[in-house]
Structures are given as C-alpha cells and as structure tokens.
Amino acid sequence: MDLPLRKPGWLDDFRAFIARGNVIDLAVGVVIGAAFTTIVNSLVEDLLNPIIGLLVGGIDFSNLFVVISGERGASLAATRQSGAAVLAVGQFINAVIKFVIVAFAVFWLVRLAKRLYATPEKETGPTRDQMLLQEIRDELRAAREGRPRGPDAP
C-alpha cells in the first residue's frame, strides 16, 4: 500500500529563498564577519588592552573582576572555577572596546559602499503631468488676460 506523500507548501518558497543572490551574499558576509571578529579580538586583547592598561597604571583588563561572594582566586578563571560569583568588569570593558571597533569599521564600510554605488541623479525635464499642469496654467492666465486661447490661437 502506497502512502501519498504531500510536499509542504512552504518548501518551494524556501527553495526560492535559498536560491536568491541575497542569501549567498549574506553567507559570505557571515564568514567574513567571523574572520573579522578574530582580527578585532586580537587587536583589542593583544594591542589595545596592554596600551590602555599601561596608561591607567598597569591594569590588565582581561583579569579585572569583582568578587560578589566566595573566595578570590589568582585569576578570573581560577575564581570562577572555585564557584565564586564574580562581576567580570574587565571582560565587559573588552566587549565594549570590541563593539566600538566593529561599529567603526562597519561605519566606514557602509560609507565607502555608498560612495562606490551612488548613482548621480539625472537632470530630467518636466514630467508629463508637469507639462500638462503648465499648459493648464498658461490657458488660465491667457483667459484672465482676455487673450485668445487654445491650439489655434496665435
């Protein structure tokens, strides 16, 4: 006995969605974004944090935390491992710095894309509706001034 299998209605919509170019572009963007995240993480943790830490008195942001309850360990990881509740202030500062860097980079990319893909506006003449309105205006003006009007008028 054959069971009739019905194809769900959304399946064709999903195929059309996947086949569109925007989905491929989005996938490429996600892959590049992941690679960019690695670069930003390295920039923040390996270059910026040591400089900022030096400027504020040798503080290592990645290891800056406040213990709410429990014993403080030698590092954030050790303190968390012991089961203590901590506020990882330094990690939050790192996340904010990373966000600002990514937002700044995206801002410049969008700005560049706008310049590259901007199309100059064409100066066009009046539209058909505008020409019709001008003709009506001229007819009304001529009627007010008592001049002959219409296509046969001189």
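The values are calculated or read from the model by the stated rules, or taken from the named source; none is laboratory data. Everything numeric here is computed off the predicted structure, so don't read it as measured data. Here Cβ is always computed from backbone atoms with ideal geometry, including for glycine, and neighbour counts include all displayed protein chains. The protein model used for the area step is the full one, side chains on, heavy atoms only, and it has no ligands, DNA or RNA in it. Shrake-Rupley method; radii C 1.70, N 1.55, O 1.52, S 1.80 Å.
Here K122 fulfils each of the conditions (1) modelled with pLDDT under 90; (2) open to solvent by less than 100 Å² (accessible area, probe 1.4 Å); (3) more than 30 Å from V44 (Cα to Cα) apart from (2).
Taking the conditions (1) within 30 Å of G83 (Cα to Cα); (2) of a type outside the set (V, I, T); (3) out of contact with any helix residue (DSSP H, G or I) (no Cβ under 9 Å at 6 or more places or on another chain) in turn, A35 satisfies each one other than (1). Residues that are at pLDDT below 90 and part of a helix (DSSP H, G or I) were ranked within region 131-154; the one that is least open to solvent (accessible area, probe 1.4 Å) is A142. Could you tell me whether I101 is surrounded by 10 or more Cβ atoms within 10 Å (Cβ to Cβ), assigned to a helix (DSSP H, G or I) and not charged (D, E, K, R)? The answer is yes for I101. Scanning region 34-76 for residues that are at pLDDT 85 or above, among the small types (G, A, S) and farther than 16 Å from I97 by Cβ yields a total of 7.
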